[in-house]
Amino acid sequence: MTKSNIFLVTLAVLLAAVYSYYFTDWFKKPTIQIIAASVPVGPLVQGGETQPVQFTFDKKYALTSIKVISSIALHTNKLATPAWHLTTQSNSVPLRGFRYGFPIPGMTNSSIKRGCDQLQPLTPYTIIVEAGKARGQAEFLPQPIRKSG
């Protein structure tokens, strides 16, 4: 091989590496897309001041950690106590979604937090979920229950 051939092959390999790093997802951690939505309910809900919140993902995930933290506390303190924190020691059931505060098969309350706190209406919260190497987070705003009458 001549020097010009070696140079061209090296340049092609370098360009392929740069392209694959910047324009493909091969080297990026997978991201979980989360949609948070308040579920409107009537006056049958007992306790709580907010409508139930439903979280939906872009596909099924076997979650390893779920945290719901007040966004205000999260911005001022990275170690803020979560309103709800679930973890798994083994395999959890692959889910496409769940509701705040409801039990999730294969997951238990963490040692940091037992149970879940009532969400405050119109207060921003952040949900952080992990499934192996995949991670996702979203901010949501619980809606107050509308009183009928």
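Here are a few things to note about the model shown:
- A 1.4 Å probe run over the stretch 58-149, with the rest of the protein chains in place, finds 60 Å² accessible per residue.
- Exposed loop positions in the chain were taken to be trypsin sites (Lys or Arg not before Pro) whose DSSP state is not H, G, I, E or B and which have at most 12 other beta-carbon atoms within 10 angstrom. Between these positions, the longest stretch is 29-77.
- Förster-model FRET efficiency, 41 Å R0, Gln137 and Met1, C-beta, rounded to 0.05: 0.25
- Direction-averaged projected area, Cα convex hull, the stretch 80-126: 3.9 nm², rounded to one decimal.
- The phi torsions of the stretch 125-130, fed into the Karplus equation with coefficients 6.51, -1.76 and 1.60 and a -60° offset, translate into couplings of 10, 10, 9, 10, 10, 9 Hz, rounded to whole numbers, with Gly and Pro shown as x.
- For Ser65, the amide hydrogen comes within under 5 Å of the amide hydrogens of Glu130, counting only partners 5 or more places away or on other chains and with H modelled in the peptide plane.
- Taking all pairs of distinct alpha-carbon atoms in the chain, Kirkwood radius in angstrom: 18.0
- Helix-derived mean residue ellipticity, 222 nm - over the chain, DSSP H n ≥ 4, -39500 (n - 2.57), to 500: -6000 deg cm²/dmol
- Estimated FRET transfer efficiency (Phe102, Thr24; beta-carbon r; R0 25 Å; 0.05): 0.10
- Toward the positive end of the charge dipole of the stretch 1-85, with +1 on the Cβ of Lys and Arg and -1 on the Cβ of Asp and Glu, the farthest Cα among Ala16, Val39, Phe57 is that of Ala16.
- Of the accessible area of the chain, computed with a 1.4 Å probe over protein heavy atoms only, carbon and sulfur atoms account for 59 percent.
- With Cα atoms, 0 to 90° folded angle of helix 3-23 axis to the chain main axis: 10
The values are calculated or read from the model by the stated rules, or taken from the named source; none is laboratory data. The structure presented is a predicted model; accordingly, all values stated were derived computationally and were not measured. Every residue, glycine among them, receives a Cβ derived from its backbone with ideal geometry; neighbour counts consider all protein chains shown. Ligands, DNA and RNA are excluded from the accessible area calculation, which covers all protein heavy atoms including side chains. Shrake-Rupley method; radii C 1.70, N 1.55, O 1.52, S 1.80 Å.
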